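Following: one structure in structure tokens, then a few remarks.
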Amino acid sequence: MNNSLTGKARSLGAGLRALLVLTLVTGVLYPLAVTGVSQLLLPGPANGSEVRSDGRIVGSSLIGQSYRLPPAKGHEAPEPDPRWFQGRPADGLGTNSRNTRYTLLLSGATNLAADSEILLQRVRAAKAAVVKENSVPGHTVHPADVPADAVTSSGSGLDPDISPRYARLQIHRVAARNHLPVTEVARLVRDHTEGRTLGFLGEPRVNVLELNISLEELAARH
């Protein structure tokens, strides 16, 4: 009996020591090592790819933002603010409806099939809106000029980038609304156009948040 109890006590002691060692290694030392290496080698991504303006954090380069006006009287949905470059539609976004204690934003796609009439109606309405909003005196946008990313949302609804073609489509409207020369706004778009990752991954893109920060700085100088 005594030998049995002694053996169990030793086994229990060994198990507790193993638990403490593994907790220290995997729960403390390893996370500290990974955090230290990431902060040393990749501090930007490790901290959420923060974007700063005037010394304060205004967002992340990985998450798209909306640039909209408050809903007008008699309208439920807010309208795009014409002073800014607009990102992709976010039709897949939703809000938490179960846990009402917190206001949570749920990302996702619409999950509508390519031949869905609802999706087709949304695309047609979005294309018409893009044409109307970006046609200014002296510059008319035609339906054929509207790229796919201007009228469709991404898989997450939080895509921070748009195509260079969609950015260029908005140049005249942004210039007119901010009383800026078209050539200077076009230069901003060129300066913020990124090529394919490693030269072959993905597509050329423009980060809308970073572009609008530079636009704000340009407008402040005029």
Residue that is touching a strand residue (DSSP E or B) at 6+ places or on another chain (Cβ under 8 Å) and either at pLDDT below 85 or among the hydrophobic types (A, V, I, L, M, F, W, C) (or both), where the choices are 40, 29, 24, 105: 105
Going by the structure shown, is residue 206 touching a Pro at 6+ places or on another chain (Cβ under 8 Å), among the β-branched types (Val, Ile, Thr) and free of Cβ contacts under 8 Å to residues at least 24 places away in the same chain? no
For residue 57: the one exception among (1) out of contact with any helix residue (DSSP H, G or I) (no Cβ under 9 Å at 6 or more places or on another chain); (2) outside any strand (DSSP E or B): (2)
Please name all residue pairs, on different chains or six or more residues apart, with Cβ atoms under 7 Å, provided the first residue is in the range 12-38 and is assigned to a helix (DSSP H, G or I) and the second residue is surrounded by 10 or more Cβ atoms within 10 Å (Cβ to Cβ) and not basic (Lys, Arg). 38/46
Note on residue 66: of the conditions (1) among the hydroxyl-bearing types (Ser, Thr, Tyr); (2) surrounded by 10 or more Cβ atoms within 10 Å (Cβ to Cβ); (3) in a helix (DSSP H, G or I), unmet is (3)
Within the range 164-195, considering residues that are assigned to a loop (DSSP other than H, G, I, E, B) and modelled with pLDDT of 95 or more, the one farthest from residue 57 (Cα to Cα): 181
Return the residue satisfying two criteria in turn: it lies in the range 56-74 and is basic (Lys, Arg) and at pLDDT 85 or above, and of such residues it is farthest from the chain's Cα centre (by Cα). 56
For the range 137-144, state whether one or more residues are without any contact (Cβ under 8 Å) to a residue 24 or more places away in the chain and surrounded by 14 or more Cβ atoms within 10 Å (Cβ to Cβ). no
Regarding the range 196-205, can at least one residue be identified that is part of a helix (DSSP H, G or I) and either assigned by TED's automatic domain parsing to the domain that holds residue 68 or polar (S, T, N, Q) (or both)? no
Result of the Cβ filter at 7 Å on the range 106-126, keeping first residues that are free of Cβ contacts under 8 Å to residues at least 60 places away in the same chain and partners that are of a type in the set (S, T, N, Q) and surrounded by fewer than 11 Cβ atoms within 10 Å (Cβ to Cβ), at least 6 apart or interchain, is 106/95
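The values are calculated or read from the model by the stated rules, or taken from the named source; none is laboratory data. Since we're looking at a predicted model, the values are computed, not measured. Please note: Cβ atoms are built from the backbone with ideal geometry, for glycine as well, and neighbour counts cover all protein chains shown.
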